[in-house]
Amino acid sequence: MTLLLHDVTLTYPDGESRLTALDAVGLEVPAGTLTAVVGPSGSGKSSLLAVAATLVTPDSGRVVVAGRDTAPMSAAQKSALRREHIGIVFQQPNLLASLTAAEQLQVMAHLSGRPARQLRRRALELLDAVGLADKADKRPHQLSGGQRQRVNIARALMNEPTVLLVDEPTSALDHERGAAVLDLLVTLTRERSTATVLVTHDRAHLERMDRTVTMTDGRLADPVAAA
């Protein structure tokens, strides 16, 4: 399955006029690949992620997730689509201080109705996949910044998403930890066949991406070669 944005335009009120956040954007991300979106602050990168996540409805254009056109969907249908097919890795992990690493993941999947034992097993499997098998019962204050971001990534994968959307995952990490997180995202994208979009300001690791595109003033430029 792929993520497809076709001719997507998004505007916001700006006084008596409207500000164009996305201008006829087109993007296709095949399963098992990672596309990086780079560009200056205010260029539309966050708006792109919000539209791809079905959190914001564009003025025009199509957003297709797991083969389903989201345009005719109700808010409830989009919520179900996100729960079943979309994983979101936010810039800040925002982990709940009172929960262990495993519990952070289990809470995300609670609405699925699966038995608690099955959820625990799934959480432990994902923590092992991100190199935190021995940290399952640790709380956020007992984890490093890089470890908390790994929990954040594992949490986004809890419901086995088709599409993985990642917002600046290395912004609060040093170069070494940031590189490790990006390596992890590339590996998980391949292993779990997600269509992954990564928004980043960090151009130091673009060689790890399958594709890199540039956002400028709401427009998506032709792909640029990874440095």
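General observations
- Rounded to the nearest 20 debye, dipole of the chain from Cβ charges on Lys, Arg, Asp, Glu: 920
- By the beta-carbon count within 10 Å of each Cβ, the least crowded to most crowded order of Ser47, Ser60, fewest first, is Ser60, Ser47.
- Seen against the Cα atoms of the chain and their longest principal axis, helix 175-192 is set at about 90 degrees.
- Normalised alpha carbon radius of gyration of the chain [divisor 2.2 N^0.38 Å]: 1.01
- Between the helical axis of 145-156 and the longest alpha-carbon principal axis of the chain there is an angle of about 70 degrees.
- The mean sequence separation of alpha-carbon pairs under 8 Å and at least six residues apart, normalised by the residue count of the chain, gives a relative contact order of 31 percent.
- Semi-axes of the equivalent ellipsoid for region 110-169, computed as √(5λ) from the eigenvalues of its C-alpha gyration tensor and ordered from largest down, come to 19, 16, 9 Å.
- In degrees, nearest ten, helix 116-129 long axis to first principal axis of the chain (Cα): 80
- Bridge orientation summary for region 69-227: considering DSSP beta bridges with both residues in this region, about 25 percent are antiparallel.
- Under Karplus coefficients 6.51, -1.76 and 1.60, residue-wise ³J(HN,Hα) of region 73-89 in Hz, glycine/proline x: 6, 6, 4, 5, 5, 5, 4, 5, 4, 4, 4, 8, 10, 10, x, 10, 9
- Fewest-first ordering of Thr162, Thr194 by other beta carbons within 10 Å of each residue's beta carbon gives Thr162, Thr194.
- Relative exposure of Thr35, Thr196, Thr11, judged by other C-beta atoms within 10 Å (fewest first): Thr11, Thr35, Thr196
- A straight chain from Ser74 to Arg114 at 0.36 nm per residue would run longer than the Cα-Cα distance by 11.9 nm.
- Coupling constants for region 92-100 follow from the phi torsions by the Karplus curve (6.51 cos²θ - 1.76 cosθ + 1.60, θ = phi - 60°), and in residue order they are 9, x, 6, 6, 7, 4, 8, 9, 6 Hz; glycine and proline get x.
The numbers here are math on the coordinates, done by the rules we state, and not lab data. This one's a predicted model, so the numbers in the text were calculated from it and none came from an experiment. Neighbour counts run over all protein chains shown; Cβ positions are idealised from the backbone, glycine included.
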